[in-house]
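**Q** Starting off with a structure, shown below.
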Amino acid sequence: MTEASKKLRRLGLAAVFVLAASGAAAQLQEFSTGQRNLACGSPAATGDGWPIATPESVGLDGPRLCGIAVRLVATNANVHAVVIVRHGKLVFEQYFPGYDEPWGLGGGQHDFDSATKHDMRSVSKSVISLLVGIAIDRELIKSVDEPVVKFFPDYSAVKSPGWDKITLRHLLTMSSGIKWDENRAWKDPENDEPHLGSEADPYRYVLSKPIAAPPDTVWTYNGGGTDLLGNIIERVTGQSLEAFAREALFAPLGISDWEWMKYRNEHVASAVGLRLRPRDAAKIGQLVLNKGEWAGRRIVSSKWIEQSVTPRFQAVGYFGGLFYYGQHWWMGRTLSGENDVKWIAAMGLGGQRLFIVPELDLVVMTTSGLYGSGRQGHAALDILANFIIPHVRDRNEAR
């Protein structure tokens, strides 16, 4: 019997009955066969900068984490990756085949492993926030209170009345007040998001939108504002977004295998186009957990991190929960028994979730393919609430 099978067996016959009832037993058998010569969730040492450790060495319950596979298969969660980091060490990494819709391709079944890049979708927005912070740190942008139109003098003739009062901070907190609606069916002509890819000039499209409310009064999810921020980065740096991201963020983090996709109109998809390996995405989380440092190197100021993860608005109706929103980062909490644990997150359509738990010195990254499902992201919260938080052994010593 393999080590993985032994650990799954520790969960007891109840788990097997659940799997059989759900019709997932064959999937679990297939998964277990694929794990034949691997310890459950043991990360691969790839020389990418991650220190590798066992869950037990950082106060986590290894056998309990092995039960994640049972839960995911039993619930048809279609999770593709689970990566767990504690005390700055990569301690758990597991991948699963499943349905996905990679950027530019149709839906279908795909295999995933530690070397596979995955669409981050709106996790991209949180990375844009980091890049804006770096540009401000380098004094390429004076502050978040700079007016947006200052950076677009070539669009002065098309901007709607009221745009002069909108600042970068309003775009980052999604409180610009412009008339924008992404909460519709994709093919609905009133859905603004598809226009970012179909318009010949998406920046013109966004800047011509009318103002529906005074800035800083209403929170409205808005990828158009993120695309403006991406273009502002290009304008102030004199580089493509990809070039600046590589030099300022990804190279210092030791991330070399990544893509930032473009719309069919050839404009970079700042808000949704980033593709990363999950273990590299976890580095983004560790950077935020470390307040802007990676491996002892300052990449973005701690002041910017603090500003970004301070709740500014209550965000209702997105990503299946009641959360708070900062500067392109989400904030929430997990109730687990008597524990009320706060976290910071980057979230993307389909179940892409990057959780940062400062209280527990913890980062958890999941990828998934539940596009259009109300269950997207549930598995990641389940992992936090039932497989990690209740079983942390050094809770009082975490940070």
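FYI, it's all coordinate maths here, none of it is from the lab. A quick note: this is a predicted structure, and the numbers were derived from the prediction, not measured. Backbone-built Cβ (ideal geometry, glycine too); neighbour counts: all protein chains shown.
**Q** Which value, in debye to the nearest 20, describes the size of the charge dipole of the chain about its Cα centre when Lys and Arg Cβ atoms bear +1, Asp and Glu Cβ atoms bear -1, and nothing else is charged?
**A** So the magnitude is around 640 debye.
**Q** Note the per residue figure in Å³ for the convex hull of the C-alpha positions in the range 125-250.
**A** 108 Å³
**Q** On C-alpha positions alone, give me the angle between the axis of helix 62-74 and the longest principal axis of the chain, in degrees, nearest 10.
**A** Tilt relative to the chain: about 70 degrees.
**Q** Still on this structure, I have one more. Taking only DSSP H segments of four or more residues, each worth -39500 (n - 2.57), what value at 222 nm results for the chain once the sum is divided by all its residues, to the nearest 500 deg cm²/dmol?
**A** -8000 deg cm²/dmol
**Q** According to the square roots a ≥ b ≥ c of the eigenvalues of the Cα gyration tensor, what is the shape class of the range 167-206, taking rounded for a/c under 1.5, prolate for a/b larger than b/c otherwise, and oblate for the remainder?
**A** oblate
**Q** May I ask for the distance between the Cα centers of the range 290-365 and the range 208-233, given as a whole number of Å?
**A** 21 Å
**Q** According to a simple spin-label model (label point 7 Å from Cα along Cα-to-Cβ), what is the distance in nm between residue 333 and residue 139?
**A** With each label placed 7 Å out from Cα toward Cβ, I get 4.2 nm.
**Q** How large is the translational diffusion coefficient of the chain in µm² per second when you combine the Kirkwood radius over alpha carbon pairs with Stokes-Einstein at 37 °C and 0.692 mPa s?
**A** Using the Kirkwood radius from Cα pairs, D works out to 151 µm²/s.
**Q** Using a 10 Å cut-off around each Cβ, can you sort 145, 257 from fewest to most neighbouring Cβ atoms?
**A** In increasing order of surrounding Cβ atoms, one gets 145, 257.
**Q** Mind checking which lysines have their Cα closer than 20 Å to the Cα of residue 117? Skip sequence neighbours fewer than 8 apart in that chain.
**A** Within reach: 125, 262, 283.
**Q** A further question follows. So if we plug the beta-carbon distance of residue 113 and residue 187 into 1/(1 + (r/R0)^6) with R0 = 56 Å, what FRET efficiency do we get, rounded to 0.05?
**A** 0.95
**Q** Show me, for the range 328-342, the HN-Hα J-couplings you get by feeding each phi into the Karplus relation (A = 6.51, B = -1.76, C = 1.60, θ = phi - 60°), rounded to Hz, glycine and proline as x.
**A** These are the phi-based 3J(HN,Hα) values: 6, 10, 9, 10, x, 8, 10, 9, 9, x, 8, 9, 10, 10, 8 Hz.
**Q** Moving to a separate point now. Between residue 265 and residue 160, 0.36 nm times their residue separation minus their Cα-Cα distance comes to what?
**A** Stretched out fully, the residue 265 to residue 160 stretch lengthens by 35.5 nm.
**Q** Sort 324-331, 274-281, 246-253, 131-138 by packing, meaning the average of other beta carbons within 10 Å per residue, with the highest value first.
**A** 274-281, 324-331, 131-138, 246-253
**Q** A follow-up question, please. Can you list which of the GluC sites (Glu not before Pro) found in the range 258-327 are DSSP loop residues with at most 14 other C-beta atoms within 10 Å?
**A** Sparse-neighbourhood loop GluC sites (Glu not before Pro): 266.
**Q** Please compute the modelled spin-label separation between residue 373 and residue 198, points set 7 Å along Cα→Cβ, answer in nm with one decimal.
**A** About 2.7 nm, to one decimal.
**Q** Turning to a different aspect of this structure: If I model a spin label as a point 7 Å beyond the Cα along the Cα-Cβ vector, how far apart are those points for residue 251 and residue 179 in nm?
**A** For the pair residue 251/residue 179, the computed spacing is 4.5 nm.
**Q** Can you sort 100, 181 by how many other beta carbons sit within 10 Å, fewest first?
**A** Lowest count first: 181, 100.
**Q** So, one more: Over the range 125-250, what is the relative contact order in whole percent, taking alpha-carbon pairs under 8 Å and six or more residues apart?
**A** Value for the range 125-250: 31 percent.
**Q** Can you list the residues of the range 121-164 with backbone N under 16 Å from a point 7 Å past the Cα of residue 239, pointing along Cα to Cβ?
**A** 128-141
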